[in-house]
Amino acid sequence: MSFPWANEYKPAFGLTQWLDEKLPLPRFVYNAVGAGYPVPRNLNYMWNFGVLAGFCLVLQIVTGVILAMHYAPNALVAFDSTEHIMRDVNWGWMLRYAHANGASAFFVVVYLHIFRGFFYSSYKAPREMIWLLGVVIFLLMMATAFMGYVLPWGQMSFWGAKVITGLFGAIPVVGEPLQIWLLGGYAPDNAALNRFFSLHFLLPFVIAGVIILHIWALHIPGSSNPTGVEVKAESDTVPFHPYYTAKDGFGLGVFLLIYCAILFFAPNALGHPDNYIPANPLSTPAHIVPEWYFWPFYAILRAFTYDFFFIPAKLMGVLAMFGAILVWFFLPWLDTSPVRSGHYRPLFRKFFWFGLIPTMAVLFYCGGAPAAEPYVMLSQLASLYYFAHFLIILPLVSSIEKPEPLPFSITEAVLGKDESAVLNANPAA
C-alpha cells in the first residue's frame, strides 16, 4: 500500500538517474523493501519468518542446482550417485546436508509463519488473497519435498514413494490407472524417478513465482500487525529500511547459528537411517515413515482404520489428509469475528493455545510413531479435534466471543494515547 507520507525515491547520481529512466529497478526495490515502503511500527519477531522462508527457498534452489549437476536420476545408479556426491565431490557432503537440512529449516519457518497467521488472523479481509496464495505455496512445498525425498533412492525413499503414490489408488474408478500413469509403471522404478527428479527441479521455480504473487498481494493492503488495527496515520508506521531490514538481519543471524549448528554437528538428526540402505523392493522396512514435516498429516491419514458403509477407510484417510490442508482455504469465511489479533480475543486465545497447539503436537508425535495402539487412538482423537477446531469451534467462538477493547491506533498500542491519529481520523474533533 502506498501511503501519502511514503518516502519518494530520488536518485542522487547520474548513473542511477539514467537507470531510473530506462529501467527503474532501484525504484522498485526502494518502494518494495526499502525506505519507500512504510510498515506498522509494532511488528514483532513473528513477522521475521516470511523473510526467513524466502532465504530458505534461495538456499534450496542454489544447493539443489549444484547437486543436480552430479546426480543421476536412474534407478540403477541413483543411490551410488548420491554417495558419490557425499564422498567424491568437493564439498559435496556439505551441499547435500545443507539441502536436506535446508528443507527441514524451510518447513520450520513456514509452520511458524502459518501459525502466526492463525493467531493473528492474517487471513481476514482485506488480506484473503495473501493467505490463499500462502496455502498454495505450502501445497507446492509438500509436493516438492516428497519428490525430493525419493531421489536418494534409499529404502525409505522407495517405500515412501510406494505408500504415498498408493494413496491415489484409493480413488474410486480412476485411482489405479492414475497411480500407474503417475509412476509410469506398477511400482516406483526408473520412470518414476526421472519424473520426480524433473518435477523436483521445476517446482521450486514455480514456488518462487507464487511467492512473488504472495508479496505483490501483501503490498496492496499492506502488512498486518500484532494489534490487528489498520494504519491510521504516519505515526503508526516506520520505513521498512533501515528498521525492519536490521530486525530481519538479526533474525537471519540467529537462524543461521541454529541452522549451521545442525548442519555441522548433527546433520543426520532429522533424517532416517534406513535411507542409507539402497532401495530394495523385496525388503519392506519394519516402520515406514515420511519426513518429520509430513507427520501430522500422515497421522490423520492413518487415523481411519474402519470402512464407513461403502467408503473404504483408505479413501477416508486420503480425503481427511488433503482436507486437513484444504480447510485452511476457507478460514477467511469461517472466522467471522471483527477482531483480528488473538491478543484481544480471550476465548479464541484459549482454544488456540490449549486446543490447536497441543493437538498439532499429538499429531506430530503420532505421525512418527508405529501404526499401533495407543498411537492410532490418539491420532483419531487429535484428528477429530483438529477438524472440529476449524469447522465448529472457530465459527462458534467468533460469533459468541466478547473481544477485549482495541487500541484506537497502532501508536496508541505502542506509546499510549495518540492525539494526532485521533485528529487525522476525525478532523471535526
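Protection proxy ranking for 225-231, 15-21, 91-97, using the average of other Cβ atoms within 10 Å per residue and placing the highest first: 225-231, 91-97, 15-21.
For region 205-316, relative contact order (Cα pairs under 8 Å, six or more residues apart, normalised by length) works out to 9 percent. Taking a ≥ b ≥ c as the square roots of the eigenvalues of the Cα gyration tensor, region 7-52 is prolate, since a/c reaches 1.5 or more and a/b is larger than b/c. Counting heavy atoms of the protein chains alone, residue 260 has an accessible area of about 50 Å² for a 1.4 Å probe. The accessible-area ordering, largest first, of the residues 325, 400 stands as 400, 325, per a 1.4 angstrom probe. Taking 30 Å as the limit for the C-alpha separation, the pairs 314/402; 124/417; 22/124; 124/162; 10/417; 247/402 exceed it in the case of 314/402; 22/124; 124/162; 10/417; 247/402.
The mean sequence separation of alpha-carbon pairs under 8 Å and at least six residues apart, normalised by the residue count of region 285-366, gives a relative contact order of 38 percent.
Look at the alpha carbon pairs under 8 Å that are at least 6 residues apart: their mean separation over the length of the chain gives a relative contact order of 22 percent. From most to least packed by mean Cβ count within 10 Å, the peptides 54-62, 247-255 give 54-62, 247-255. Assign one of three labels to region 149-306, namely rounded, prolate or oblate, based on the Cα gyration tensor with a ≥ b ≥ c the square roots of its eigenvalues; rounded applies when a/c is under 1.5, prolate when it is not and a/b is larger than b/c, and oblate otherwise. Because a/c hits 1.5 or more and a/b exceeds b/c, region 149-306 counts as prolate. For region 1-70 versus region 255-281, the inter-centroid distance based on Cα atoms is 32 Å. These residues, 263, 25, go from largest to smallest accessible area, 1.4 Å probe, as 25, 263.
Solvent exposure of residue 293, expressed as accessible area, is near 10 Å², computed with a probe of 1.4 Å over the protein chains only. Helix screen, the chain: DSSP H segments with Cα axial length of 24 Å or more and mean Kyte-Doolittle hydropathy at least 1.0 are 49-68, 128-150, 190-219, 240-265. Cα centroids of region 73-150 and region 165-179: how far apart, whole angstrom? Using only Cα atoms to place each centre, the spacing works out to 26 Å. Residue 243 contributes about 130 Å² of solvent-accessible surface, heavy atoms of the protein only, 1.4 Å probe.
The values are calculated or read from the model by the stated rules, or taken from the named source; none is laboratory data. Note that the coordinates shown come from a computational prediction; the quantities given were computed from them, not determined experimentally. No Cβ is skipped: glycine too gets one built from the backbone with ideal geometry, and neighbour counts run over all protein chains shown. Heavy atoms of the whole protein, side chains included, go into the accessibility calculation; ligands, DNA and RNA do not. Shrake-Rupley method; radii C 1.70, N 1.55, O 1.52, S 1.80 Å.
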